[in-house]
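A.B. asks: The following block contains the structure, expressed as structure tokens.
No lab work stands behind these numbers, since they all come straight from the coordinates. Owing to the predicted nature of the structure, the values given are computational and were not obtained by experimental measurement. When we count neighbours, we look across all protein chains shown, and the Cβ atoms used for this are built from the backbone with ideal geometry, even at glycine.
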Protein chains: 2
Amino acid sequence: MPTPAETFVAVREHARKNALLATIDAAIGWDERTMMPLAAGAWRAEQAAELAAVVHRHRTDAAQGARLEELAASPLATAGTPAEQATIRLLKHDFDKQARLPTRLVEELARTTVEAQQVWSLAKAASDWPKLCPWLERVFALKREQAACQRPDLDPYDALLDDYEPGGRWRAIAPRFADLRSRIVPLVQACAGATRRPDDRILTERVYPVPAQQEFVRQVAARIGFDFERGRLDTTDHPFCTSLGPDDCRITTRWDERFLPTALFGVLHEAGHGLYDQGLLREWYGLPPGEAASLGIHESQSRLWENLVGRSRAFWEWCFPLARAAFPQALADADAARVHEALLVVKPSFIRVEADEVTYNLHVMLRFDLERAVVHGDLPVADLPTAWNERFAADFGLRPPDDAHGVLQDIHWSAGLIGYFPTYTLGNLYAAQLMAAAEARLGDLPAAFAAGEFQPLLDWLRREVHAVGRLLESEPLVERATGQTVSADWLARSLVDRYGPAYGL
Amino acid sequence: MPTPAETFVAVREHARKNALLATIDAAIGWDERTMMPLAAGAWRAEQAAELAAVVHRHRTDAAQGARLEELAASPLATAGTPAEQATIRLLKHDFDKQARLPTRLVEELARTTVEAQQVWSLAKAASDWPKLCPWLERVFALKREQAACQRPDLDPYDALLDDYEPGGRWRAIAPRFADLRSRIVPLVQACAGATRRPDDRILTERVYPVPAQQEFVRQVAARIGFDFERGRLDTTDHPFCTSLGPDDCRITTRWDERFLPTALFGVLHEAGHGLYDQGLLREWYGLPPGEAASLGIHESQSRLWENLVGRSRAFWEWCFPLARAAFPQALADADAARVHEALLVVKPSFIRVEADEVTYNLHVMLRFDLERAVVHGDLPVADLPTAWNERFAADFGLRPPDDAHGVLQDIHWSAGLIGYFPTYTLGNLYAAQLMAAAEARLGDLPAAFAAGEFQPLLDWLRREVHAVGRLLESEPLVERATGQTVSADWLARSLVDRYGPAYGL
């Protein structure tokens, strides 16, 4: 009989192989979105399905299940180090959840979502909802089946949410979101009615050549701490960050020579994700102590660098000279204050990924409410466009001109990412709360930013967030780091405080 | 009991999964050599080893072996379509060959060659033969063991050759190579002693900016038929071509702004491989009717486009205006004749991968003779450096200054690639013979090339070579396409005819 310590080594080894296979999947996924020739999509879909089956077989290997049973009953489960205890508890939780998914469902989900994403791309281009609708019906049905298999003990929406935000419960999230919405909608309306408004022509009426942007954003990402010896920056249509291994973090962006913020804030956002990945404990890579706590916490890191650092006046004190050197023509007559002001425009718009920081959360909360209604059986998929447009009109005072500017705009549902959207606004909540705590602990952060010093903030995040791994769920993690219960208050106040003055409110 | 037709479907499905997994391996291999951040190498090596284990388990699946036994005894094996018959025969051949390898030997070979390659890299850098020698002794011993296990019916060298050149036999190859050598050595000596020599300063003393090279070589590759909607071109240190699927062929090159041929002929070479891959039958992808016949045939396609098209005077009639538009400064005072002349330099040098078209084959034939002598027990590994240097002096009239410029220069033996080298020169033989036949069948090919018309040649290769897949072995394939028995005569004559005049011979 192996000792518990020996069994633990075998469990770690098995989990490491999981990570090896999962990061191979990440590698072909990254390639698909950055490099792959157009015609290769069908074969790649088959590769992904085959690899998903391999990963699933490995993940549900009965020998690992038996080892985890053994460990859960061993003294290591209660008297090991915190990392050992969490590893046993969480690997067993993941294993049991995975084992409850039939291989048939895994393969069907993989195949259906790959095809649905291809259909989505055509349907969006043609604003053709009826083309996508039956595919989304299949995806939602498969995801409901997944929820029922995996977490029969949970509300089905919470069961799906648990994949992205472990421990998250919609009944706790919904009231926070309602609070936030009740404070953002009036802010947006007040901005719309204000007589004073920020002048953003410096960003909307100039040309920022793409080669100069590429060099500029690399410098900015490196300065906030992204390690290019352990990562890359590439071009894609829908920016993302992915890790192909402990020393292989890939961020992506797109470029618009008429609008610098597309690439700059895209890169700050993805580099924020990348800093988290690069800050996870290498010696526990692929195991809970070296994994991200949740997508909400992941998003808190991206939003913090994008919005709370990158859109701050202090950041532009440091960044403006660099920007002027990169774009001598566009910024010849500008200064830090003028660029900063241009970043404070609040304007209702149809597309989430183009939304400003304030209206962004309205887009997210709309999706959270609609997808939950579908999962709960309260809204047929076929009725999504109508429900979407009505809610949009209520929150934004506008109606989408077509479904491409409405329900068809996001790939998430086609990709099977249901229960994923709320993590975006949870990330904003957590980011605002974490930033307030960092400012309280670290003293004058704006002075540091103005001097181009981001290491103190990064060090604090490394310690309070990154190094924690998955040992805590999102809320306990944020509460431990900030000493406060989670609430929407910090985010709501932060938005009002930063955007109100720009509109003379 | 399933019918033979049903079993055949199951066999195809299993082989298709092989191809899916093998092309995932190709994807991470491509990434490693073109994109991967420096620090990520250790994790990537673990990923590759894990995936290799997955592939090996799938490939040796006993159920597939049983299905192949069944099919081999069924009427389909003798009365099916030619593609079906070949699929049964060759998949069974591959399976049995794989199954005869003990797992212990597979693992030992994998481990030893990985370590030997690491030692090789250090030994080459330090020109330290004694460091590598014991490793090569182990590799050769293991490969002899592999030969005895896998093909006890064959001469051990032929058993190894069979992995790369199915059906190839050294007793048939050696006299052809001897003939070739007896005609190349005097040509090289005559060139060395000639009073007239081609002026290559247009290529060696000018600057060809890399961004312009990138655009230029893409245009050339597309013009000869490489389909960029089903492929890509990227940058790497050691150029290669790999296919990640039936519609996903990736070629690579390196760039030297002081020497345009590095990228141009590198790309013509890899695009030649790519045209073959892109010309394989899609509906049989990953199965013998849709697989390459051999490495020699693969190399014939790369060499044909690189040397017999790309170094021809007619090609430069078409290509020169394109080149001058790309490099207006470097080529301001040049014309097609001058560039073409500059490509005809013959010069003995120590390093195979830097050799000209004529001396290249001498490098290859030297390796073929030495590795065969070792496998046959006629030459101890420890004596390789002496044997190398003596033969080199005889063929090139030069002695390598050290082993880094001699026996240590190639990674192949350390990687266990024994019996691989001759496929390079076999490719040259086949290419010359195929090109002569194409010229005879298609009429005035130079006139077509001068007009930038490469489609007739490609169509002929598609039909005579690419679409044949692995249904014929190399020699029957070449003999069917050309109507002539395979010989070195076409290559020898082609070299004398093209290079002799440049030296006034």
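A.B. asks: Placing a label point 7 Å from Cα toward Cβ, how far apart in nm is A:Q329 from its equivalents in the other copies, listed shortest first to one decimal?
C.D. replies: A:Q329 label point versus its equivalents elsewhere: 2.2 nm.
A.B. asks: Any chance you could give the angle, 0 to 90 degrees and rounded to 10, that helix B:129-150 forms with the longest Cα principal axis of chain B?
C.D. replies: 50 degrees
A.B. asks: Could I ask something else about it? Work from the charge dipole of the range A:4-153 (Cβ charges, +1 for Lys and Arg, -1 for Asp and Glu, about the Cα centre) and give the residue of A:F8, A:S127, A:L21 farthest towards its positive end.
C.D. replies: Positive-most Cα among the choices belongs to A:S127.
A.B. asks: Then there's this: Taking a label point 7 Å from Cα toward Cβ, how far is A:L105 from its twins in the other copies, in nm, shortest first?
C.D. replies: 4.6
A.B. asks: Sorted from shortest, what are the nm distances separating the label point of B:Q484 from equivalent points in the other copies, each placed 7 Å from Cα along Cα to C-beta?
C.D. replies: Taking the point 7 Å beyond Cα along Cα→Cβ, the inter-copy spacings are 8.5 nm.
A.B. asks: What is the distance in Å between the Cα centroid of the range B:274-293 and that of the range B:3-29?
C.D. replies: So the separation of the two Cα centres works out to 14 Å.
A.B. asks: Loop by DSSP (not H, G, I, E, B), at most 15 other beta-carbon atoms within 10 Å: where is the longest site-free stretch of chain A for GluC sites (Glu not before Pro)?
C.D. replies: That would be A:206-452.
A.B. asks: Pairing the Cα long axis of helix B:455-464 with the longest principal axis of chain B, what angle in degrees results, from 0 to 90 and rounded to the nearest 10?
C.D. replies: Compared with the principal axis, the helix lies near 30 degrees.
A.B. asks: With a cut-off of 8 Å between alpha carbons and a minimum separation of six or more residues, what is the relative contact order of chain B in percent?
C.D. replies: This gives 21 percent for chain B.
A.B. asks: May I ask for the net charge around A:E291, where only other residues with Cβ less than 14 Å from the Cβ of A:E291 are counted and Lys, Arg are +1 while Asp, Glu are -1?
C.D. replies: Local net charge: -1.
A.B. asks: Quote the convex hull volume per residue of the protein assembly as shown, based on C-alpha atoms, as a whole number of Å³.
C.D. replies: Spelled out: Cα convex hull of the protein assembly as shown, divided by residues, is 198 Å³.
A.B. asks: Just to check I understand the Karplus step: with θ = phi - 60° and J = 6.51 cos²θ - 1.76 cosθ + 1.60, what whole-Hz values come out for the range B:245-252, glycine and proline as x?
C.D. replies: Values, residue by residue: x, x, 10, 8, 9, 10, 9, 9 Hz.
A.B. asks: Taking the Cα centre of the range B:100-505 as origin, work out the dipole magnitude from +1 charges on Lys and Arg Cβ and -1 charges on Asp and Glu Cβ, in debye rounded to 20.
C.D. replies: Once rounded to the nearest 20, the dipole reads 360 debye.
A.B. asks: Sticking with this one: Local charge sum around A:A404 (other residues, Cβ-Cβ under 9 Å, Lys/Arg +1, Asp/Glu -1)?
C.D. replies: Within the 9 Å Cβ shell, the charges total -2.
A.B. asks: Treat every Asp and Glu Cβ in the protein assembly as shown as -1 and every Lys and Arg Cβ as +1, leave all other atoms uncharged, and give the resulting dipole magnitude about the Cα centre to the nearest 20 debye.
C.D. replies: 400 debye
A.B. asks: Based on alpha-carbon atoms only, what is the radius of gyration of the range B:100-505 relative to the globular estimate 2.2 N^0.38 Å?
C.D. replies: 0.98
A.B. asks: Among A:V358, A:G286, B:Y164, whose Cα lies farthest out toward the positive end of the dipole of the protein assembly as shown, if unit charges sit on the beta carbon of Lys, Arg (+1) and Asp, Glu (-1)?
C.D. replies: Working it through, the farthest residue towards the positive pole turns out to be A:V358.
A.B. asks: Counting Lys and Arg as +1 and Asp and Glu as -1, what is the net charge of the other residues whose Cβ lies under 14 Å from the Cβ of A:A5?
C.D. replies: Net charge around A:A5: -2.
A.B. asks: Search the structure for amide H atoms under 5 Å from the amide H of B:T235, placed 1.01 Å from N in the peptide plane, and list their residues when 5 or more places away or on another chain.
C.D. replies: Result for B:T235 returns B:T253.
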